[in-house]
Each structure stands twice: as structure tokens, then as C-alpha cells.
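Below: one structure, written as C-alpha cells.
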Amino acid sequence: MLPRDRAEKILTLGKAGWSVRAIADQLGHSEPTIRGYLSGRTTPGVRAPRPSLLTDPLAGYCRQRFAEDPHLRPSTLFKELTELGFQASRSTFYRELTQSRLSPPGHRSSPAQEDPPQILAGVSRTPGHAPVLPRPVTPVTGEALISYLTRLAHANHLTLTEVLTVLPSWFSTKLSNRDDRGQHHMLIPAAADALRALARLTGTPPASLARALPAFGAADPHSPVRATTACPRCAARHGIHQPVPVHLPAHHKVCTRHGIWLSDAGQPHLDLAACPEIITAQHRASRLLRRYTPQELMLAYQSAATAIPPWPPSPAAIPLHWRHRLLTLQTANHRHGTPTDLDVYTHAAIYPDAIALTAAALNPHRSRTTKQDPLANSPGTPRPRQP
């Protein structure tokens with residue numbers, strides 16, 4: 001951007017009839033710069049807006065991730081976008097988050113605003129006497145550490161403070177931070193000792209605790225997760241009858257064992273017995289992960305969900321449209337006392353259609369082959385391909 005006086009001189013010479021080349025030679029600026037001011041594309045004293053490197057699909061991906069995981073760190077989200085092809089630097093990404101207001105209100109959108117872990121003195125300190133609790137508690141896959149310790153305390157008629165007293169101070173430090181999956185460099189060396197101490201206290205093998213509890217960092221740190229509650233029927237198999245907060249893979253929307261739609265945190269789960277095609281779509285999404293990363297699957301799913309038509313093209317197509325599935329879900333779950341005016345019904349109803357569009361977008365060659373030859377992937381006697 002040129003100073004205002006230089007820009008106004010360009011406009012004055014242009015009104016006097018000077019050519020672009022003559023003005024460029026007189027003032028020492030390039031011809032495209034002179035032409036931009038004369039044509040009105042550039043306004044004196046106003047800097048041209050910088051093009052956003054966070055495209056609409058990537059911005060939608062960010063909104064979805066913040067909605068699925070309220071405690072998601074921007075640094076973790078930046079790593080996910082980098083695997084999707086985001087070329088800008090970390091500081092540019094934080095600036096884009098702030099300018100576009102993609103993060104929810106009250107969420108920290110810069111590394112300087114992220115709460116550093118409150119490191120306590122001697123995080124690996126272990127009490128001298130470590131008893132074994134009489135009633136062990138089975139951890140749920142992806143369960144938050146505070147939820148597991150609270151259930152452990154209640155099962156043995158203790159308080160959470162009493163349980164933390166016989167554990168290393170690593171657990172108190174970990175519970176003071178909101179993000180279970182965040183691995184601070186000062187906590188990582190003491191994680192192995194803390195895991196062994198919890199295994200001795202509960203009588204559970206350390207490998208089982210590490211697999212189930214994300215706080216110990218055994219899960220893939222690059223795999224996106226979302227905050228939800230465990231399937232109530234899966235929890236009931238372990239004798240748990242209250243909601244269990246967990247972190248599941250972001251693409252895991254359905255408990256295929258019991259046919260339950262796993263909504264985001266704070267939303268009720270749905271019974272999918274009346275719509276088995278939603279369960280089939282979850283199996284199809286899992287198969288797509290054999291060839292694509294979770295980030296690629298979620299980005300394609302986000303774009304596909306917005307491309308689904310809101311209404312059927314004709315009355316004859318109503319039984320095949322997702323709104324018919326929406327009505328079926330509302331009718332089936334209203335008997336369980338679930339309100340029918342929630343967005344979770346729409347998310348579950350469009351899921352099969354969105355996964356079908358996602359598969360077509362990720363593998364356009366195969367979708368074209370299916371359109372040209374619908375029986376190409378059907379079981380039966382193989383037929384010779386037409387040239």
C-alpha cells in the first residue's frame with residue numbers, strides 16, 4: 001500500500017490525462033500498481049484485505065471439531081489441519097481462528113492463552129504405604145481420569161480426596177487440567193510410575209488401564225477424538241448405571257454392538273433399532289479408514305453433510321429421503337422420553353446419506369464405475385467388463 005499523498009498524486013495525474021506508463025515513469029512505481037489505483041481496485045489509505053488461507057471446508061472442519069470436543073487445544077487442531085494440507089504457519093492459523101471467530105465463546109484461541117499445567121512439586125512422589133482397594137472398578141474405553149477415580153472412590157465408600165491421598169501427586173496435577181489427552185513435558189516422565197501405582201491400588205493390569213484411560217498417553221495423539229458419554233448399554237454390562245464421560249474417535253458415531261447413536265456431550269443418545277441403515281453406514285465409515293486418514297474422512301463428511309438436499313424432489317421419493325428416517329427416529333425415541341426437537345435427530349438421520357456422499361467424494365473413480373455399471377460390485381457370477 002502506498003502512502004496516501006502518493007496515491008492521491010496518481011489519481012491527480014490520471015485525471016489530468018497522463019498515461020499509465022507516464023505516471024509510472026514519473027513516480028517510480030510499477031504499472032500494475034498505477035493501474036490498480038486508477039481503476040478503483042485499490043483505495044488510497046486502505047490496505048487490501050489479505051486472502052484467508054483457512055478455506056470454507058477447513059473452517060467448517062474447525063467448527064465441527066470445537067463442537068465435538070469443547071476442550072480441544074488449538075495446537076492439536078493445527079496439527080490436524082496440517083495433515084489436511086494447511087500450508088500456513090502456526091501463528092497465521094491462530095490469527096485466522098481469532099479473526100473468523102471459529103472457536104466457541106470463552107475458548108482460548110492462542111498458545112499464550114492456553115493454561116499451562118499446574119505442576120506440583122514432586123509429581124512422581126508416591127506415598128510410602130500403597131494399599132490395595134477391595135473393590136476394583138473396570139475402566140471404560142476412553143474414560144476421563146476424574147470419572148474413573150470418582151467411580152473407584154464410590155465403589156469403595158471413599159471420597160476422591162482420600163483416593164488421591166494414596167496416589168502419586170501426578171494425579172492431582174493431571175486432574176487440575178481440563179484436557180486429559182494433553183501431555184505436558186514435565187508430566188510425561190512420571191506417567192509410567194503413576195500408571196503402576198494406580199494398577200497396584202486397583203489390582204488391574206497396567207496395560208488395561210493404559211489402553212482405556214487417555215490420560216496416560218497410550219492412544220495415538222494425532223487421531224482426532226470427540227467428547228461424549230459411553231454407550232449406556234455397554235456401561236451397564238460393567239454394572240455402571242450413570243453417564244460416563246469418554247473421548248472416542250471423532251468418526252465413531254454409533255455403537256454398532258447395541259445400535260445406539262452416540263451424540264456429542266450434553267445431548268441424549270438415540271436408539272437406532274428402527275433405522276438399521278445408520279448402523280450399516282457406521283461400518284462403511286470404518287472401512288473407509290483403511291485407505292484414508294480420520295482427518296480426510298471427517299473433512300469429506302463435513303462437506304457431504306452440507307450438500308444433502310433438505311427436501312425430497314418428489315412425493316414418490318419420500319420413503320427414501322432422510323426426513324422419513326427423521327420421523328422414524330423421533331417416533332421410536334419419543335417412547336423413551338427423549339424430546340423430539342433436538343438437532344441430534346437430524347445428525348443421525350442424514351448420516352447414511354452423508355457417508356454415501358463421502359465415499360463418492362473420496363473415491364470418485366469407483367463412484368463413476370458404479371454409475372456406469374451398477375452390477376459391477378454386486379455378488380454373483382463375474383461378467384466381462386465392457387471396453
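What does the charge add up to near residue 277, with Lys and Arg as +1, Asp and Glu as -1, over the other residues with Cβ less than 12 Å from its Cβ? All intermediate terms of the calculation are to be shown ahead of the outcome.
Working: positive: 284, 325; negative: 353.
Neighbour charge sum, excluding residue 277 itself: +1.
If you take the Cα atoms of the stretch 252-366, find Rg, then find the Kirkwood Rh from the mean of 1/r over all pairs, what is Rg/Rh? Write down the numbers at each step before the final one.
Working: Rg = 14.2 Å, Rh = 14.7 Å.
The Rg/Rh ratio comes out at 0.96.
Where does the stretch 166-216 land on Rg(C-alpha)/(2.2 N^0.38 Å)?
Details: Rg = 10.4 Å, N = 51, 2.2 N^0.38 = 9.8 Å.
Working it through for the stretch 166-216, the quotient is 1.06.
Give the accessible surface of the stretch 1-98 per residue, rounded to a whole number of Å², with probe radius 1.4 Å and ligands, DNA and RNA excluded. It would help to have the intermediate numbers written out before the result.
Working: 5660 Å² over 98 residues.
That works out to 58 Å² per residue.
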Calculate I(q)/I(0) for the stretch 301-367 by the Debye formula, one identical point scatterer on each C-alpha and no solvent, and give its log10 at q = 0.16, 0.23, 0.26 Å⁻¹ to two decimals. -0.61, -1.00, -1.11
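Ranked highest first by the average count of other Cβ atoms within 10 Å around their residues, in what order do 192-204, 329-341 fall?
192-204, 329-341
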Whenever you get a sec, compute what percent of the accessible area on the stretch 181-274 sits on carbon and sulfur atoms (1.4 Å probe). 57 percent
Please compute the net charge surrounding residue 21, taking Lys and Arg as +1 and Asp and Glu as -1 over other residues with Cβ under 11 Å from its Cβ. -1
Rounded to the nearest Å, what's the spacing between the alpha carbon centres of the stretch 216-276 and the stretch 329-355? Just the number, please. 16 Å
Using amide H atoms built in the peptide plane, which far-off residues or other-chain residues are under 5 Å from residue 143 H to H? 247
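The values are calculated or read from the model by the stated rules, or taken from the named source; none is laboratory data. Quick caveat: nothing in here was measured; it's all calculated off a predicted structure. Virtual Cβ from ideal backbone geometry, glycine too; neighbours counted across all protein chains shown. In case anyone asks, the SASA skips ligands and DNA or RNA and just uses the protein heavy atoms, side chains included. Shrake-Rupley method; radii C 1.70, N 1.55, O 1.52, S 1.80 Å.
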